[in-house]
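**Q** This structure is in structure tokens; I'll ask about it shortly.
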Amino acid sequence: GEVRSAYQIAQGIVPAGQFAAFSWIITHESGWDVTATNPSSGAYGLGQALPGSKMASAGPDWQTDPVTQIKWTLGYMDERYGSPCDAESFWEGHGWY
């Protein structure tokens, strides 16, 4: 199903040493649901981008394409925290990232 394919796609994009942390965050944020929407904030997608339209920088199909969402989310983690592992450490301390 779709959940498995998004996970498999991520395995091919995220560096192996960072995958466990990346997966942990995505599981907590969206359960690997590409169209996950937070009803209160409007955060969207695998990594719960806010607003979701920020992911358009990674591709025009950001609403439905796991590849676009994964690339954007990985870029976000790297840019803001240095890596998915560092993003996970922050998440565990704060309950968000």
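**Q** Among the residues of the stretch 1-29, count how many are assigned to a loop (DSSP other than H, G, I, E, B) and of a type in the set (Val, Ile, Thr).
**A** 1
**Q** On to the next question. Only one of these conditions is not met by residue 32: (1) open to solvent by 50 Å² or more (accessible area, probe 1.4 Å); (2) assigned to a loop (DSSP other than H, G, I, E, B); (3) not small (Gly, Ala, Ser). Which number is it?
**A** Residue 32 satisfies all of (1) open to solvent by 50 Å² or more (accessible area, probe 1.4 Å); (2) assigned to a loop (DSSP other than H, G, I, E, B); (3) not small (Gly, Ala, Ser) except (1).
**Q** Inspect the stretch 80-92 for any residue being exposed (fewer than 14 other Cβ atoms within 10 Å of the Cβ), assigned to a loop (DSSP other than H, G, I, E, B) and hydroxyl-bearing (Ser, Thr, Tyr) and give the result as yes or no.
**A** Checking the stretch 80-92: not a single residue is exposed (fewer than 14 other Cβ atoms within 10 Å of the Cβ), assigned to a loop (DSSP other than H, G, I, E, B) and hydroxyl-bearing (Ser, Thr, Tyr).
**Q** Looking for whichever is in contact with a helix residue (DSSP H, G or I) (Cβ under 9 Å, 6 or more places away or on another chain), within 20 Å of residue 17 (Cα to Cα) and either at pLDDT 95 or above or not small (Gly, Ala, Ser) (or both) here; the options are 57, 89. Which one fits?
**A** Working: 57 fails: within 20 Å of residue 17 (Cα to Cα).
The conditions single out 89.
**Q** Another question, then. Among the residues of the stretch 36-78, which ones are open to solvent by less than 30 Å² (accessible area, probe 1.4 Å), among the small types (Gly, Ala, Ser) and not in a helix (DSSP H, G or I)?
**A** 36, 43, 45, 47, 49, 59
**Q** Just one of the numbered conditions (1) more than 15 Å from residue 71 (Cα to Cα); (2) open to solvent by 70 Å² or more (accessible area, probe 1.4 Å) is not true of residue 16; which one?
**A** Going through (1) more than 15 Å from residue 71 (Cα to Cα); (2) open to solvent by 70 Å² or more (accessible area, probe 1.4 Å) one by one, residue 16 breaks only (1).
The values are calculated or read from the model by the stated rules, or taken from the named source; none is laboratory data. Remember, it's a predicted structure, so these values are computed and weren't measured experimentally. Reconstructed Cβ throughout: ideal geometry from the backbone, glycine too, with neighbour counts over all protein chains shown. Note: areas computed on protein heavy atoms with side chains; ligands, DNA, RNA excluded. Shrake-Rupley method; radii C 1.70, N 1.55, O 1.52, S 1.80 Å.
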